[in-house]
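Just so you know, all these numbers are worked out from the coordinates, no wet-lab data involved. Worth saying up front: this structure is predicted, and the values here are computed from it rather than measured. No Cβ is skipped: glycine too gets one built from the backbone with ideal geometry, and neighbour counts run over all protein chains shown.
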Amino acid sequence: MDFALAPDLLELSDQARAMGLEAAAQRDIREDSWLIGSDRAFSKQLAEAGWIGMTWPNEYGGGGYTNLERFVVVEALISTGAPLAASWFADRQIGPTLLQYGTDEQRDRWLPGIIEGTSMWSIGMSEPDAGSDVSSIRSTALRDGDEWVINGDKIWTSGAAEADWIYFVARTDPDAPPHKGLSEFVVAMDSPGITVRPVTDLTQNNHFCEVHFEQVRVPGDNLVGGLNESFSQIMRQMEHERGGIDRLVSNRALYDDARASFSASGASDPLLRQRFAHAESLYTIARHMVLQEVLGQAPRGWSAITKTLATEFEIEVADLCGRVAGSDTMLWNRISRNICYAPAYTIMGGTTLILRNIIGERVLGLAREPRP
Ligand SMILES: Cc1cc2nc3c(=O)[nH]c(=O)nc-3n(C[C@H](O)[C@H](O)[C@H](O)COP(=O)(O)OP(=O)(O)OC[C@H]3O[C@@H](n4cnc5c(N)ncnc54)[C@H](O)[C@@H]3O)c2cc1C
């Protein structure tokens, strides 16, 4: 079997790589660019290239590209460190959600801004007491005439301080069982009653935020999908969030630089050679797994496996690059930043422990450990 990309895909990848390298050259940090590299001017550049909503139908302004074409573009952009964050959540998740669950009117209202690279979105799912367990969400949306009135707190909301819109999950039926009374809304971030407080992480980054909602009024037709049916919608959205190449290449630029510097030094250390061989194998396997998702060949629940393996690679890269750099790792630089940041890979989008549970119980059908 030949796993090589066809010439037209290689050409597309080269184009994306060239654009990514040019944009990344203007930034100090190239790692995690899809999450922390927010640059609205770059979103417009992507839009002009037709690289937002690449696979969406033409009638909504999409490019009509194949999933494989999108894969090569995204892989090249993120691997080079292009600052995608201002468009990424909308491109990866919100757009596909609106295409699947939104009304025609909602698609007409929100998709153009996404495709033109002019609207930035954030995802308001996690709460102080509801991260892994979405069914514990306590924020509420109660109907009042033609509107919904929203109250509650979200946390770890990436990009919320800059976003124009937040995709918000709330409890709409307080009497229903925990999984059954949740619904999804699009909320304008400039609505009265929203307070955003950026949270500074260990690496001095403050891309994620606490967001407080107090008596926020939202138009009735901003409900996306079925009333009280958010849980099954979230499961679908998580597949978009977990199964993509972004989970594998967040710190690829760092890895490429470390590998080049190891080669330039003669690559003689046998332990490091072994570590690179291990990393290359891990990357190749995880990339093929992502490709299975991309080509529609993945069985149900595959994204939990893909994300688990892919983020293990990212953790391995952080450690390996530290070992290549040696004592330089004690200074504050890209490498030490990535080591501090690395635990986040296995937390965001569902922790590895949770994903292993999903793999065991739902994918492999293993018996649950009886409770004592
Ligand atoms: C960089 C970053 C960006 C993020 N961006 C966003 C965002 O934009 N929007 C958003 O909504 N959220 C975002 N998150 C939040 C993320 O989705 C949550 O942190 C994650 O789901 C885990 O939830 P938690 O932090 O509440 O941990 P908890 O759910 O409290 O888990 C704590 C620990 O207990 C373990 N655990 C919990 N339940 C079980 C169980 N049943 N079995 C075994 N182990 C268990 C977990 O694995 C973890 O180790 C982001 C997180 C990070 C790190």
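Quick notes on this one:
- Rounded tilt (10° steps) of 104-115 against the dominant C-alpha axis of the chain: 30
- Global form of segment 122-228, assessed from the alpha-carbon gyration tensor, a/c cut-off 1.5: oblate
- Spin-label model, residue 67 to residue 4: label points 7 Å out along the Cα-to-beta-carbon direction sit 2.5 nm apart.
- Label point 7 Å beyond Cα of residue 271 along Cβ direction - residues of segment 321-351 with amide nitrogen under 14 Å: 321-327
- Spin-label pair residue 257/residue 14, simplified geometry with 7 Å Cα→Cβ offset, distance in nm: 2.6
- Here segment 1-42 is scanned for amide nitrogen atoms under 17 Å from the site 7 Å beyond the Cα of residue 295 along Cα-to-Cβ, giving 1-10.
- Percentage relative contact order, the chain, counting C-alpha pairs under 8 Å, at least six apart: 14
- Of all DSSP bridge pairs formed entirely within the chain, close to 85 percent run antiparallel.
- Using bins of 20 Å that start at zero, the share of Cα-Cα pairs per bin across the chain amounts to 28, 59, 13, 0, in whole %.
- Helix-only mean residue ellipticity at 222 nm for the chain, each DSSP H run of n ≥ 4 adding -39500 (n - 2.57), per residue, nearest 500: -13500 deg cm²/dmol
- The three principal axes of the C-alpha atoms in segment 7-119 carry coordinate ranges of 40, 32, 19 Å, sorted with the longest axis first.
- Simple point charges give the picture: +1 on the Cβ of Lys and Arg, -1 on the Cβ of Asp and Glu, and for the chain a dipole about the Cα centre of about 940 debye.
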